[in-house]
Structure formats: structure tokens, C-alpha cells
Amino acid sequence: MTWKPVGDKERVMAALRRAPRALLEDLTAPADPLPDMGRPGWPVWRPVFGMLLVICATFLTVVHVNEMSPGDGGGIPTYGVVLGSAQGAALVAVMFRPVPAWWASTVLMVVTVRLSEPDMSRDQLFPWSVPGLAFQCGALFLLALRVPPRRAAGALVITLLAGLSCTLFTTMPHHYVIYRSTPVLIAAVVLGASLRGLRVARTQLVVQEELTAGERARRTLLEERNRIARELHDVVAHHMSVISIQAQVAPHLVENPSEELRENLAGIRQNAVEALTELRHVLGVLRSEDALSQGVRHTPQPTLDRLDELVANVRAAGLTVTTATTGAPRPLPPGVELSAFRIIQEALSNAMRHAPGAQVRVETAYRTTGLTVRITNTAPDGAPARSQSMGHGLLGMRERAAMLGGELAAGATPDGGYEVTAILPVSAPALAAEPAEETP
């Protein structure tokens, strides 16, 4: 048994044998749903477009039926009225059922030509008169709007073959115009396919934009959480270091500590050291893509003790800032102080960018249940500079507040300014409140 490669001739023959079945499947499969053209008002115009299509179909039907009258001046045959009306109805139906309606239009064209050909004048256009050509162009155009280009091309080929078949069996010579009608039919299909391609491209672009916006929002959220995690690492690492040191020193503070106590304290110190090592590994991964220097990376995270320094820097940049403190300042959990400082810092940065010349007020309120910070600014004196980057400061502030179980509200004020209020709960013991201290 010898192996014989399949030549080009066999492949071409196999493709030709598959072509009729593939073409039949293409021209019997359902069409695309009726498009909305991407405009909210398009559904309102659908009845108007349908009415205009009915009017055009009616006009073409009347002209087409009159053209089917015998050349000897006799009356219009009954079959001419029926077939002409059916072709007009098929043109309207293409809008709703494009594939079956196009098949019906093509079959009606062939039947009409075959029945009326013996009575036609030699001077009449054949096989398509002007109304008949308009019927076919309209059907192919509306079909090309709803099916892929390959299927529309197949419909065009069948239409041309149907017209050509009508010219092969005639009882007399006619004014043949199939070679003139072919470019018109091709133009109708090309126009419909082009409009469909434009609609599909627009739809895909909208979908891609939605996906891109969603991915951008997700990435922004992850970046903010990543940045917050990097900052909070220093706070957690500090506490773990303190635990480790206290566990190491504790046995020396007790006279004759038991062996069990020494083992427990050693275990606590060992666990603290291991946890601190793991935290450093995680921090290394989180900071692997940072462009910061080593010195900046290991700078202690700020607390509210540096609030006066932050306000002084903002004032030096030209922004008028006043501060007010309500309640007795007290040490707060490092995570709360870090979040409060970052929220105030971001709010002041936003005021400098978006409210030039405005007056800003920073209020911190120490309460029994937590800390409240409020940053407000008046309306800007001039138009803010156009920002080239997409900031996400509000997102970061909300993430910081949510991380602590708190709340953050931000929005415009009635006088044209802006306000940011963050409520950060703490579990520290309640201290008595003091009157407000205001700094000009």
C-alpha cells in the first residue's frame, strides 16, 4: 500500500462539493437582531422608517404593475397585480425577516419575469425593469445590513444567477440590461455591508471601552490598596518589634522566673520574629516596582504630630489654611493617625490643584469613639489648571476610612466650595473633650 498525497485538484474539487451546502447554510441561518444604531432615539424612528419603506414599496408596486400591462394596450393581468403586490410586501418584510423575505423577493422576481415575458414589449428592460431592480436592490441592501458580508455576497450571486437564468429562455429578443444592473446590485450590497461593518465596529468599541474602564477602575483600586498596605506595614512591623523586645526582656524583670514562663516568652519572641520576617518579605514584593530610593522607603510613616509641618508646607505654596482642634489630643492607634494624616494631605493637595486662591479649613475632633477630620475650602478665585493625569485621591481616602471601619463623605458645598469629612473609629479609652483650639 503506497501513500498518495492529495493534490491541489482534489482539494479544489472537495471545496467545490462543499460550496453548495455552505452557501445554503449561510442563506438559511437567522440574521442579526434589528440594531438600535447606538442611539436612544432610534426605537422612536423605527415606525417612521417602516412607514417610509411601506410608501416606497407601494409606489414601486404601482409602477411595476403598470409596466406588466401587455404592449397591445390590454388591461393589467390579475397575476401582475398579485405578484407586484407580493414583491412590495416582501420588500417591507425584509426589514423584519431579512433572509426569508429576500428568498421570497428573488423567487417572485423569477416567477413574474417568466409569466410576463411573452407579453412584454421588445423595448422594455429585461430581466429587471426599473421598479424590479429597485425591489432587488432594496432587498439586498436590507439583507446586507443584518448578515455578515460573506452571506450578503452569496445572496448577490444567487440574485445575479436568477436574473441570468431568466434571459436564457425567452420567446423573443429583449432589451437586456443585466450587465448594467450588476454594478447597481453590487453597490447596494457593498453599501449595506459597509454600514453593518461600521455598526459592528462601533459596538465592539463601546464594549471594549467598558471593559477598559472596568479594568482601569479595578487596577486603580488595587494600586491604592497596595500603597496603603505598604504604609501600614511599618506600623505593624513596629508593634511586632516591640512585642519581640518585650518578650526578650520580660524574664529579666521577674525574680526566679519558672522554666514554663521562659519557654512561653521565648515562643512569643520567636513567633514575633518570624512574623516580622514574613512582613519584610511581603513588603519587598509590594515595593519591588517602586522607583523610590532606599532612604525614602524606610522613612517612618507620618502621624498627626507632623500635621503642623504639612500645613506650613501648604501655606508656603500659597494656600490660605486655618486649623482647629476639638477635644483633648491624645495618642491614637498608628493606623488611625496615618490614615488621618494621609486624608488631610490628599484633601489639601486637591484644594491646591482644583481650588486656586481658596481658603481652606482643617478641623480635627477627638471624640470618645474615634477621630473626625473635616477639610473644607471656599470657592476658587479662578479656573483650576487642567490636569493631564487621572487622579484617584478620593478612592484612596475612602479605602483608608473603610479599612478602619469608618466612613468618608465628600462633595460640593452650597457656596461653590468642597468638603471632605472622615470619621475614623478607635477603641482607645475615652478622654474628656476640650474647647476648640484654632490656629490662624
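The values are calculated or read from the model by the stated rules, or taken from the named source; none is laboratory data. The model shown is predicted, which means the values in this text are computed figures rather than measured ones. Please note: Cβ atoms are built from the backbone with ideal geometry, for glycine as well, and neighbour counts cover all protein chains shown. What goes into the accessible areas is simple: the full protein's heavy atoms, side chains included, and nothing from ligands, DNA or RNA. Shrake-Rupley method; radii C 1.70, N 1.55, O 1.52, S 1.80 Å.
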Exercise for review: Answer yes or no as to whether E407 is at pLDDT 90 or above and loosely packed, with under 15 Cβ neighbours inside 10 Å.
Suggested key: yes
Check your understanding: Looking at V44, V65, which one is over 39 Å from the mean Cα position of the chain (by Cα) and either modelled with pLDDT under 60 or closer than 28 Å to G192 by Cβ (or both)?
Key -> V65
Revision key, fill the gap. Per the list (1) modelled with pLDDT of 85 or more; (2) open to solvent by less than 20 Å² (accessible area, probe 1.4 Å); (3) among the polar types (S, T, N, Q), residue check on T112 breaks on (1)
Check your understanding: Does A213 satisfy being modelled with pLDDT under 90, in a helix (DSSP H, G or I), open to solvent by 30 Å² or more (accessible area, probe 1.4 Å) and in contact with a helix residue (DSSP H, G or I) (Cβ under 6 Å, 6 or more places away or on another chain)?
Key -> no
Check your understanding: Looking only at the range 167-187, which residues are in a loop (DSSP other than H, G, I, E, B) and open to solvent by less than 60 Å² (accessible area, probe 1.4 Å)?
Key -> T170, M172, H174, V177
Point to revise | Of all residues making up the range 132-164, the number that are open to solvent by 50 Å² or more (accessible area, probe 1.4 Å) and farther than 13 Å from G192 by Cα | key: 3
Check your understanding: Within the range 374-404, which residues are modelled with pLDDT of 85 or more and of a type in the set (S, T, N, Q)?
Key -> T376, N377, T378
Study note, to complete from the structure: Only unsatisfied item for V190, checking (1) part of a helix (DSSP H, G or I); (2) aliphatic (A, V, I, L, M); (3) surrounded by fewer than 15 Cβ atoms within 10 Å (Cβ to Cβ), is (3)
Study note, to complete from the structure: Just one listed residue, out of N256, N271, N264, N226, is assigned to a loop (DSSP other than H, G, I, E, B) and either at pLDDT 75 or above or touching a helix residue (DSSP H, G or I) at 6+ places or on another chain (Cβ under 8 Å) (or both), and it is N256
